[in-house]
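The block underneath contains the structure these notes are about, expressed in structure tokens.
Nothing in this text is a laboratory measurement; each read-out follows from the coordinates by a stated rule. Source: prediction; values computed, not measured. Cβ sites come from the backbone with ideal geometry, for glycine too, and all protein chains shown count toward neighbours.
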Ligand SMILES: [Zn+2]
């Protein structure tokens with residue numbers, strides 16, 4: 001279970017729309033499964049079908065999170081044209097399998113879908129998202 005404040009969730013969808021047709025990506029920091037802050041990162045791949053985060057960008061976010069005493073609790077990226085389910089590449093490149101991985105799908109433009117997963121070696125688990133005020 002992940003709790004995400006509505007303004008942060010809306011900000012992630014905005015980020016996805018801004019970067020479309022390329023995938024966007026970012027890191028969510030917080031505590032006890034509750035997101036407190038979103039960090040937008042550059043998609044180093046500049047690709048519509050995959051993403052990666054530059055190590056130096058990640059370091060900056062980790063430093064900021066440490067300053068604010070929050071932990072990394074999820075990563076997110078967008079699927080501009082496909083469903084909100086981990087792609088083969090997402091599974092292959094799941095750098096943080098212990099971390100929730102959120103996918104924002106813009107496949108249905110009018111109705112963006114946001115889903116969270118845990119991508120394990122053997123299976124993909126759906127993680128529930130609770131939107132909080
Ligand atoms: Zn993906």
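Using the scaling law 2.2 N^0.38 Å as the reference, what is the normalised Cα Rg of the chain? Present the calculation step by step, with values, prior to reporting the outcome.
On the way: Rg = 13.6 Å, N = 133, 2.2 N^0.38 = 14.1 Å.
Here the answer is 0.96, to two decimals.
Taking the Cα atoms of region 35-79, report the difference between the largest and smallest coordinate on each principal axis, in whole Å and largest first.
Taking the Cα atoms of region 35-79, the three principal extents are 33, 21, 11 Å.
So for each of 114-127, 25-38, 5-18 I average, over its residues, the number of other beta carbons within 10 Å; can you give me the resulting order with the highest mean first?
Numbers: 114-127: 14.0, 25-38: 19.2, 5-18: 16.3.
Per-residue Cβ counts within 10 Å, averaged per peptide and sorted highest first, yield 25-38, 5-18, 114-127.
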